[in-house]
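Note sheet for the following structure.
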Amino acid sequence: MDIQANDFELFGVPATFAQDLAQLDERWKALQREAHPDRFAAQGAAAQRLAMQWSVRINEANRRLRSPLKRAAYLCELNGAPISAETNTAMPAAFLMQQMEWREALDDAENRAAVDALEAEVEAARQAAIARCAELLDEKHDYPAASAQVRALMFLARFADDIDARRALVGQ
């Protein structure tokens, strides 16, 4: 294993947004078997520590590659378009208006049905944003535009958490 390898290289998969999750799972298991600290017991504590570090690295790569949001952000960063969510909050006006409407709808949601309806709408928007990321990353190779789409996905993920919290408040 090459310490300089990116996650895609480490897993031996193409550096694309579209990934076969079953293949990732198989590669993760194979890599974990290869790096398991018990395989290095006879080589001493230093070799076991190194194997443990590899195991952690493999797990981090697996989490990043399995998550559409993390995978998209990683691809953007690898291709020179970092997300910079802390400093780059620019979003299209239409998306900002949609955020405001969703926030108001969430504040007004007084029962489970209203929360569920909002959740369905936000999930549809999330799926559309994921599809747009796939197009921008794998077909158009437009990493700056994909970076903006990832920031939108980050908002949608946080908003989904807010929806869950509201659901707990309204009960049944």
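Counting Lys and Arg as +1 and Asp and Glu as -1, each charge on the Cβ, what is the dipole of the range 93-170 about the Cα centre in debye, to the nearest 20? Before the final figure, lay out the partial values.
Details: 9 positive and 16 negative charges, 42 e Å.
It comes to approximately 200 debye.
Using Cα-Cα distances under 8 Å and only pairs 6 or more residues apart, what relative contact order does the range 7-66 have, in percent?
38
Roughly how many debye, to the nearest 20, is the charge dipole of the chain about its Cα centre, given +1 on each Lys and Arg Cβ, -1 on each Asp and Glu Cβ, and no other charges?
Rounded to the nearest 20 debye, it is 680 debye.
For a footprinting-style exposure proxy, rank PHE155, PHE40 by other Cβ within 10 Å, fewest first.
Exposure proxy ranking, most exposed first: PHE40, PHE155.
In nm², what is the average projected area of the convex hull enclosing the Cα atoms of the chain?
Numbers: hull surface 51.0 nm².
Average of the hull's projected areas for the chain equals 12.7 nm².
Can you tell me, using C-alpha contacts under 8 Å and at least 6 residues apart, the relative contact order of the chain as a whole percent?
Values: 141 pairs, mean separation 41.8, N = 172.
That works out to 24 percent.
Pop the C-beta distance of LYS70 and ASN111 into the FRET formula with R0 = 35 Å and round what comes out to the nearest 0.05. Walk me through the numbers on the way to the answer.
Numbers: r = 34 Å, r/R0 = 0.96.
Once rounded, the FRET efficiency stands at 0.55.
What are the extents of the Cα atoms of the range 93-170 along their three principal axes, in Å, largest first?
In descending order, the Cα extents are 43, 20, 15 Å.
Kindly provide the pair-distance distribution of the range 129-172 built from C-alpha pairs, with 5 Å bins from 0 and whole-percent values in order of increasing distance.
Reading the bins upward from 0: 6, 23, 21, 13, 11, 10, 8, 5, 3, 0.
Rounded to two decimals, what is the ratio between the C-alpha radius of gyration of the range 7-66 and 2.2 N^0.38 Å? Walk me through the intermediate numbers first.
Working: Rg = 12.6 Å, N = 60, 2.2 N^0.38 = 10.4 Å.
Computed over Cα atoms of the range 7-66, the ratio equals 1.21.
For the chain, what does -39500 (n - 2.57) per DSSP helix run (n ≥ 4), summed and divided by total residues, give at 222 nm, in deg cm²/dmol to the nearest 500?
Rounded to the nearest 500, the figure is -23500 deg cm²/dmol.
Rule-based calculations on the coordinates, nothing more; no lab input. Just so it is clear, the model here is predicted, and its values are computed rather than measured. Cβ coordinates were reconstructed from backbone atoms using ideal geometry, including for glycine residues, and neighbour counts include every protein chain displayed.
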